[in-house]
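In what follows, a structure is listed as structure tokens, so that the remarks can point back to it.
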Amino acid sequence: MALVVLSFIFLYVAVLIGAAVIGYQWGKRRGWSTRRRWSAAAVGFLIIFLPMFWDWLPTVWLHSYYCEKYGGLTVYKTPEQWKKENPGVAESLARQEPPLQVGRSEKYYRVLNQRFRLELEANEKPLWLREDHERVVDSKTGEILVRYVEFSTGQPGSSVDHFRDVKIWMRRESCEPVENRVRRKKFGMLVQQFENLGGEK
């Protein structure tokens with residue numbers, strides 16, 4: 001795989017240089033000044049460069065902006081706090097077996113037990129960024145107890161569905177480092193705690 005990627009990089013650089021040389025020679029044949037020839041070379045370079053990289057910096061910046069301003073984990077109420085506010089209720093709960101999922105792929109919820117559900121919603125942002133909302137909700141009151149918001153560039157890691165998916169240098173799978181997603185793990189633990197409040201029946 002590394003060899004394929006390196007081959008592609010070398011080929012692309014060669015095409016970039018070739019396009020610039022062609023632009024320069026094109027201007028030279030027309031008797032243009034050196035400055036105008038370099039302008040023609042720059043145009044040739046950009047014709048090859050822009051389709052691949054025009055959206056790189058805007059996408060990376062926008063992803064960082066959304067992550068910093070809107071992303072992350074928000075705990076409104078822990079399982080322990082909820083139990084204190086609802087004495088005796090947790091003991092009557094049982095995990096949903098078998099798991100029940102309601103809704104479509106971009107907006108659905110999964111029943112955790114008689115009192116809690118995990119809602120998941122995906123939205124598309126500018127430059128094809130993907131926003132994923134996950135929240136634990138009290139089914140009876142509609143109160144959001146825990147919220148986790150994630151942003152990615154929406155590029156699948158294992159398939160190529162669009163030309164944009166080839167641009168692996170733009171891929172951002174998470175607001176956190178993929179190898180150390182602390183907030184994601186904490187959210188998963190809280191979901192499990194709410195699901196297991198009443199244990200098994």
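Read the figures in this text as sums done on the coordinates, not as results from a lab. Bear in mind that the values here come from a model prediction, so they are computed numbers and not experimental data. Using ideal geometry, Cβ is built from the backbone for each residue, glycine included, and neighbour counts are taken over all protein chains shown.
Counting Lys and Arg as +1 and Asp and Glu as -1 over every other residue whose Cβ lies under 11 Å from the Cβ of R164, the net charge comes to -1. Separation of the range 3-27 and the range 120-150, taken as the distance between their Cα centroids, equals 44 angstrom. Relative contact order of the chain, taken over Cα pairs closer than 8 Å and 6 or more residues apart, is 19 percent. The loop-placed chymotrypsin sites (Phe, Trp or Tyr not before Pro) in the range 17-61, going by DSSP, that have at most 12 neighbouring Cβ atoms within 10 Å of their Cβ come out as W54. Computed from the C-beta positions of A94 and H133 and an R0 of 22 Å, the FRET efficiency is 0.25 to the nearest 0.05.
Of the trypsin sites (Lys or Arg not before Pro) found in the range 101-143, those that fall in a DSSP loop while having at most 13 other beta-carbon atoms within 10 Å are R104, K140. Helix 2-29 and the longest principal axis of the C-alpha atoms of the chain enclose an angle of approximately 40°. The local environment of S174, defined by Cβ-Cβ distances under 9 Å, has a net charge of 0 under the rule Lys, Arg +1 and Asp, Glu -1. Among the lysines of the chain, pairs at least eight places apart or on separate chains and with Cα atoms under 22 Å apart come to 18. Once the cut-off is 21 Å, how many percent of the Cα-Cα pairs in the chain end up in the long-distance tail? Counting pairs separated by more than 21 Å, the tail of P(r) holds 66 percent. Other residues within the sphere of radius under 14 Å centred on the Cβ of G154, judged by their own Cβ, net out at -3 (K and R +1, D and E -1). Normalised by the number of residues in the range 2-53, the mean separation of alpha-carbon contacts (under 8 Å, six or more apart) gives a relative contact order of 38 percent.
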